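Provided herewith is a single structure, encoded as structure tokens, for subsequent inquiry.
The values are calculated or read from the model by the stated rules, or taken from the named source; none is laboratory data. If you're wondering where the values come from, they're calculated on a predicted model, not measured in any experiment. Counting neighbours? That spans all protein chains shown, and the Cβs are built from the backbone with ideal geometry, glycine included.
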Amino acid sequence: MQEWGGNGDGSMLDGKTAAQWLRRARRFRRLTQAQLAARSGISPRHLGQLERGERSLTTVTTAVRLADGLDIAREHVWLVALREFERKERARSQD
């Protein structure tokens, strides 16, 4: 399992939404959306929605599947999901 981006402390997420992070991770692996969807066991449509920010990365199952499909530590994907949740909660509380 290859580690990538940042220095292992989540810095790879700085200033990025979950959608941006996911697209960057997929491109880093040189995978198309169809390839990552097949490797992850999720539909290409679902993956496209995640990458466009139309859907949130909210389920553990999806996070695990993406981590496995990207061949990265599951903790990275969970951290992305947590940061996205926190970002949305902050925005909601400011409204």
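What tally of residues in region 67-95 results from selecting those that are part of a helix (DSSP H, G or I) and either in contact with a strand residue (DSSP E or B) (Cβ under 8 Å, 6 or more places away or on another chain) or not basic (Lys, Arg) (or both)?
19
VAL64 passes all but one of (1) surrounded by fewer than 16 Cβ atoms within 10 Å (Cβ to Cβ); (2) outside any helix (DSSP H, G or I); which number fails?
Among (1) surrounded by fewer than 16 Cβ atoms within 10 Å (Cβ to Cβ); (2) outside any helix (DSSP H, G or I), the lone unmet condition for VAL64 is (2).
Still on this model: Quick one: ARG30 ticks every box in (1) at pLDDT 90 or above; (2) surrounded by fewer than 14 Cβ atoms within 10 Å (Cβ to Cβ); (3) in contact with a helix residue (DSSP H, G or I) (Cβ under 9 Å, 6 or more places away or on another chain) bar one, so which box is it?
The failed condition is (3).
Among the residues of region 48-95, write down those that are touching a Lys or Arg at 6+ places or on another chain (Cβ under 8 Å) and either closer than 17 Å to LYS16 by Cβ or free of Cβ contacts under 8 Å to residues at least 40 places away in the same chain (or both).
GLN49, GLU51, SER56, ALA63, VAL64, ALA67, ASP68, GLY69, LEU70
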